[in-house]
Amino acid sequence: MEGVKKYAEKILSHIPEFDPDIEVVKLNVQKSHVHMIVLIPPKITFATAIKFIKTQLTKKAQDEISFYIKNRCKGRRHLV
């Protein structure tokens, strides 16, 4: 759990890099969910901001997982 928490905190702390108008004020990662206090400007709806955050997190996680799998499995042969 501690590794997942650190990973989530690392990724979520970079949200302003994806959209500088969204500011993460406080972050609390639990075992099954995340609590966040986020400042969102009036021009962005709550639903749009949450969708954006989830999309960015999913993309980042997929990129890192596929990179890990690709590099970890190099040279290995798998029989099916």
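Quick notes on this structure:
- Within a straight-line Cα-Cα reach of under 12 Å, K26 can be paired with the following aspartates and glutamates, leaving aside sequence neighbours fewer than 8 residues apart in one chain: E9.
- Between K5 and F46, the FRET efficiency from the beta-carbon distance, with R0 = 25 Å, is close to 0.50.
Read the figures in this text as sums done on the coordinates, not as results from a lab. Computed from a predicted model, the values in this text were never measured in an experiment. Counting neighbours? That spans all protein chains shown, and the Cβs are built from the backbone with ideal geometry, glycine included.
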